[in-house]
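Working notes, beginning with the structure itself.
The values are calculated or read from the model by the stated rules, or taken from the named source; none is laboratory data. Computed from a prediction, not measured in an experiment: that's the story for all the values here. Cβ placement follows ideal geometry from the backbone for every residue including glycine, while neighbour counts extend to all protein chains displayed.
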Amino acid sequence: MKEVKTVGIVGLGALGTLYAHLLTEALGRDRVLILADSGRVERYRREGVYFNGRLCGFQYADAASVQVPVDLLLFAVKFNGLGDAIALCRHLVGPDTTLVSVLNGISSEEILGGAFSPAQVVWCVAQRMSARKSGNHVTVTPFGELALGVPSGQGDVHLRRLTAFFDSIKFPYSLPDDIRVHMWSKLLCNTGCNQTAMVFECGYGGLQAPGRARETMLGAMREVAAVANAEGVPLSEADVQSWTAIIDSFPPDGEPSMRQDGKARRRSEVELFAGTVRRLAQRHGISVPVNDWLYQRIQDMESAY
């Protein structure tokens, strides 16, 4: 399989902008396409996109006008926009295109595999970054990394291709022993951190301090571990403590994405977090009262928008 020469990115939220910046810096503007519909492209060009205070010189492209498949296609949209993103870029996925999703949750890889070929999808967790988006301004510090892998039984051709590419441009990544376990572990983090920050209307500082918000975060995480165990995924208190240590290392004035959604009165990804946990908990007869409470509180908040 040929090496990666061209990259397409769908979605310019905080993570999409981060990876568009890193890849454009490494490869040059001509080899990285920011893919969108014509209206969104026009808005990007008119308003600009700023990363850590600097105007980005991205190459914006109306996806419908691009005819040649890209070597690497990275999806960085919100979960509720994934179906539209797939439809927008379907013609840009060739038989050798490597697909990566940096979406939260444990569902997007299977959706991409169903839309294209599972063998082309490298499973991914975006981690260890603190990212904030306000309007057309994105601030990220630290940049973090992508944890990569493929599930048991899937060939690793696309994984090896992707890591060789990342090595060549010194792009930060890691290779967990078991990517499925790692994705569940990140779900544990997001379910506790993101939802609690939204409900208690706080940034990382509010989660770092002793009190009800922190206890709610920890309780939600522990419920995910219990559900994961029922699904055959070996999470434990060690995962709770590991992610808590990472959250404690973030800037106190930073905010997880769902807190930013709440402030902007946007629909959140609660269905990916508490929604997923509650559905699986019901299947296994497990009680998840903290996630039940968070889910209802977020539903109430969003119904008032």
Next item on the list: Could you run through the range 243-254 and say how many residues are of a type outside the set (A, V, I, L, M) and modelled with pLDDT of 90 or more?
Entry: 6
Checklist line | Wholly within the range 1-93, strands (runs of 3 or more DSSP E) carrying at least 3 residues that are modelled with pLDDT of 95 or more and among the hydrophobic types (A, V, I, L, M, F, W, C) | finding: 7-10, 32-36, 72-75
Check: In the range 130-173, which residue that is of a type in the set (Gly, Ala, Ser) and within 22 Å of Thr6 (Cα to Cα) is surrounded by the most Cβ atoms within 10 Å (Cβ to Cβ)?
Finding: Gly149
Next item on the list: Among what's in the range 173-210 and is assigned to a loop (DSSP other than H, G, I, E, B) and in contact with a Lys or Arg (Cβ under 9 Å, 6 or more places away or on another chain), pick the residue that is farthest from Ser130 (Cα to Cα).
Entry: Glu201
Margin query: Can you find, within the range 227-261, the residue that is nearest to Val181 (Cα to Cα) among those that are buried (at least 18 other Cβ atoms within 10 Å of the Cβ) and of a type in the set (A, V, I, L, M)?
Written below: Val233
Note to self: Can you find, within the range 94-110, the residue that is farthest from Gly16 (Cα to Cα) among those that are at pLDDT 95 or above and surrounded by fewer than 20 Cβ atoms within 10 Å (Cβ to Cβ)?
What the structure shows: Pro95
Check: What tally of residues in the range 62-93 results from selecting those that are without any contact (Cβ under 8 Å) to a residue 60 or more places away in the chain, of a type in the set (Gly, Ala, Ser) and crowded, with 19+ Cβ neighbours inside 10 Å?
Finding: 1
Next item on the list: For the range 111-129, name all the residues that are surrounded by fewer than 21 Cβ atoms within 10 Å (Cβ to Cβ) and among the aromatic types (Phe, Trp, Tyr).
Entry: Phe116
Next item on the list: State yes or no: is Thr191 buried (at least 19 other Cβ atoms within 10 Å of the Cβ), over 30 Å from Gln120 (Cβ atoms), in contact (Cβ under 8 Å) with a residue 40 or more places away in the chain and assigned by TED's automatic domain parsing to the domain that holds Val290?
Entry: no
Item checked: Residue list for the range 227-253, restricted to those being over 20 Å from Asn291 (Cβ atoms), in contact with a helix residue (DSSP H, G or I) (Cβ under 6 Å, 6 or more places away or on another chain) and not charged (D, E, K, R) -> Phe250, Pro252
Next item on the list: Within the range 262-286, work out how many residues are closer than 16 Å to Gly192 by Cα and either touching a His at 6+ places or on another chain (Cβ under 7 Å) or surrounded by fewer than 14 Cβ atoms within 10 Å (Cβ to Cβ) (or both).
Entry: 0
Checklist line | In the range 12-56, the residues that are closer than 19 Å to Gln67 by Cα and in contact with a helix residue (DSSP H, G or I) (Cβ under 9 Å, 6 or more places away or on another chain) | finding: Arg31, Val32, Leu33, Ile34, Leu35, Ala36, Asp37, Ser38, Val41
